[in-house]
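The values are calculated or read from the model by the stated rules, or taken from the named source; none is laboratory data. Please read these numbers as outputs of a predicted model, since none were measured by experiment. FYI the Cβ positions are ideal-geometry reconstructions off the backbone, even for glycines, and counts take in every protein chain you see. Calculation scope for accessible area: heavy atoms of the full protein, side chains included, ligands and nucleic acids excluded. Shrake-Rupley method; radii C 1.70, N 1.55, O 1.52, S 1.80 Å.
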Amino acid sequence: MVLPEQSRVIDLRAAEALRQQSRGASRDAALRYASILFPESMSAAIALGEQFLETAAEAALKHGDDASLSFEGLHWGSACDPSVVRDGLTFVKHIRQFHERMNLTPAPALLQVPGYFKGTPWTVIGHDAEVPWPARAEKMDYELEIGWVMGRTAHNITPDTARSHLFGVTIFNDFSARDLQANEFAIGMGPTKSKDFAYGIGPWITTIDEFPRLDNIRMSVRVNGETWGEGDSSELLWSVEELIAYVSLGDHVQPGDVIGSGTMGNGSALELGRSLTPGDIVELEVSGVGVLRNRMGPRQEGTWWPTPRKPFM
């Protein structure tokens, strides 16, 4: 449990173990029980439903001070461990400006269904982690997004029930290698190496009850302390609820899965005609959540790359 205003966290497993010991449990039994309610996996914890949140509140109230840690010296993992990464395309301004920069015409299909892609969960990184620079990439970019964290399994749901499936809100940085992306778009099978090197998720999750509205959340991005973009979560081509419902069609979205909102207008360096360099510090800020900070790592050298083939048609 994160207490940002106090710059500390509560180790919920330790707090719950202390609570159970105060009620007569042995130390070993208390730790076993607490490990079930507060496992290593955030997704597994979310899947416990109301029991997770209720026990977290009780443990923090009774023994939070005894199981408290300062922010200083903490190593932050990813705020969640999704079974698969999904990222949408919903902000009108970004769609327009991206296509203008790339000298492309938006596909009519964008007006028919919410677009999204799937990425690997194995390269998800957290707050203050270094971003690995992908092989052969030159034009690196950040993408300022909200991460919608699922709280319940969703299968063939509708927009009117979608919000009830949300657990909370986090920050999602869909790092992109723009030069690699151009070739992958031309193939037409979606992004691969231009995206799957890193997905930033963090610094933590704010529960959904703290957001009365999802279409007016303030967002901004800074690079090396300089503000590169500001805006909010309005001007959506598809609502949050429509995106989640569409993702669930024919699929089984799991508790702890993260669905990216798509990039906010002016939320990428590409829209500004800029790009990142090794060592740059990227900070994404979302009101009600916090700041997700990452440093761009060094360029990779000597990595194998496919040899182009001769035309066959």
Inter-residue pairs, beta-carbon under 6 Å, first surrounded by fewer than 17 Cβ atoms within 10 Å (Cβ to Cβ) and in the range 50-79, second polar (S, T, N, Q), 6+ apart: F71/S7
Residue that is surrounded by the most Cβ atoms within 10 Å (Cβ to Cβ) [pool: residues in the range 161-211 that are part of a helix (DSSP H, G or I), at pLDDT below 95 and hydrophobic (A, V, I, L, M, F, W, C)]: F185
Tally of residues being outside any strand (DSSP E or B) and either modelled with pLDDT of 95 or more or within 19 Å of N183 (Cα to Cα) (or both) across the range 277-313: 21
Single match in G200, G256 (criterion: within 18 Å of the chain's Cα centre (by Cα), at negative phi and not hydrophobic (A, V, I, L, M, F, W, C)): G200
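Quick check on R274: is it open to solvent by 10 Å² or more (accessible area, probe 1.4 Å), in a strand (DSSP E or B), basic (K, R) and in contact with a strand residue (DSSP E or B) (Cβ under 8 Å, 6 or more places away or on another chain)? Spell out the reasoning first.
Details: open to solvent by 10 Å² or more (accessible area, probe 1.4 Å): yes; in a strand (DSSP E or B): no; basic (K, R): yes; in contact with a strand residue (DSSP E or B) (Cβ under 8 Å, 6 or more places away or on another chain): yes.
Against the criterion (open to solvent by 10 Å² or more (accessible area, probe 1.4 Å), in a strand (DSSP E or B), basic (K, R) and in contact with a strand residue (DSSP E or B) (Cβ under 8 Å, 6 or more places away or on another chain)), R274 does not qualify.
Would you mention how many residues in the range 32-47 are open to solvent by 60 Å² or more (accessible area, probe 1.4 Å) and either more than 16 Å from M1 (Cα to Cα) or touching an Asp or Glu at 6+ places or on another chain (Cβ under 6 Å) (or both)?
To start, the set of residues in the range 32-47 that are open to solvent by 60 Å² or more (accessible area, probe 1.4 Å) comprises 32-33, 36, 40, 47.
When the remaining residues are screened for being either more than 16 Å from M1 (Cα to Cα) or touching an Asp or Glu at 6+ places or on another chain (Cβ under 6 Å) (or both), the result is 32-33, 36, 47.
Result for the range 32-47: 4.
Within the bounds of the range 273-289, is there any residue that is within 20 Å of G119 (Cα to Cα), of a type in the set (A, V, I, L, M, F, W, C) and in contact (Cβ under 8 Å) with a residue 24 or more places away in the chain?
Within the range 273-289, the first condition is being within 20 Å of G119 (Cα to Cα), and the residues that meet it are none.
No, the range 273-289 contains no residue that is within 20 Å of G119 (Cα to Cα), of a type in the set (A, V, I, L, M, F, W, C) and in contact (Cβ under 8 Å) with a residue 24 or more places away in the chain.
Restricted to the range 89-144, and to residues that are basic (K, R) and in contact with a Gly (Cβ under 9 Å, 6 or more places away or on another chain), which residue is most open to solvent (accessible area, probe 1.4 Å)? Break it down stepwise before answering.
The first filter runs over the range 89-144 and keeps only residues basic (K, R), leaving 93, 96, 101, 118, 136, 139.
Next cut, in contact with a Gly (Cβ under 9 Å, 6 or more places away or on another chain) only: 93, 96, 101, 118.
On the way: K93: 66, R96: 107, R101: 129, K118: 108 Å².
Step by step, filter the range 89-144, then rank; the result is R101.
Could you pull out the residue among T227, T263 that is without any contact (Cβ under 8 Å) to a residue 12 or more places away in the chain and either part of a loop (DSSP other than H, G, I, E, B) or touching a Ser or Thr at 6+ places or on another chain (Cβ under 8 Å) (or both)? Outline the logic, then answer.
Details: T263 fails: without any contact (Cβ under 8 Å) to a residue 12 or more places away in the chain.
Sole residue among the options that is without any contact (Cβ under 8 Å) to a residue 12 or more places away in the chain and either part of a loop (DSSP other than H, G, I, E, B) or touching a Ser or Thr at 6+ places or on another chain (Cβ under 8 Å) (or both): T227.
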Near pairs, Cβ below 8 angstrom, 6+ apart or cross-chain, from the range 105-120 (farther than 27 Å from G200 by Cβ) to any residue that is surrounded by fewer than 16 Cβ atoms within 10 Å (Cβ to Cβ): T105/H99
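Within the range 293-305, is even one residue acidic (D, E) and either in contact with a helix residue (DSSP H, G or I) (Cβ under 9 Å, 6 or more places away or on another chain) or within 23 Å of P159 (Cβ to Cβ) (or both)? Spell out how you get there, then give the answer.
Residues of the range 293-305 that are acidic (D, E), as a first pass: 301.
Narrowing further to those that are either in contact with a helix residue (DSSP H, G or I) (Cβ under 9 Å, 6 or more places away or on another chain) or within 23 Å of P159 (Cβ to Cβ) (or both): none.
No: the range 293-305 contains no residue that is acidic (D, E) and either in contact with a helix residue (DSSP H, G or I) (Cβ under 9 Å, 6 or more places away or on another chain) or within 23 Å of P159 (Cβ to Cβ) (or both).
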Meets criteria (open to solvent by less than 60 Å² (accessible area, probe 1.4 Å), among the hydroxyl-bearing types (S, T, Y), closer than 24 Å to D128 by Cβ and modelled with pLDDT of 95 or more) for T263: yes
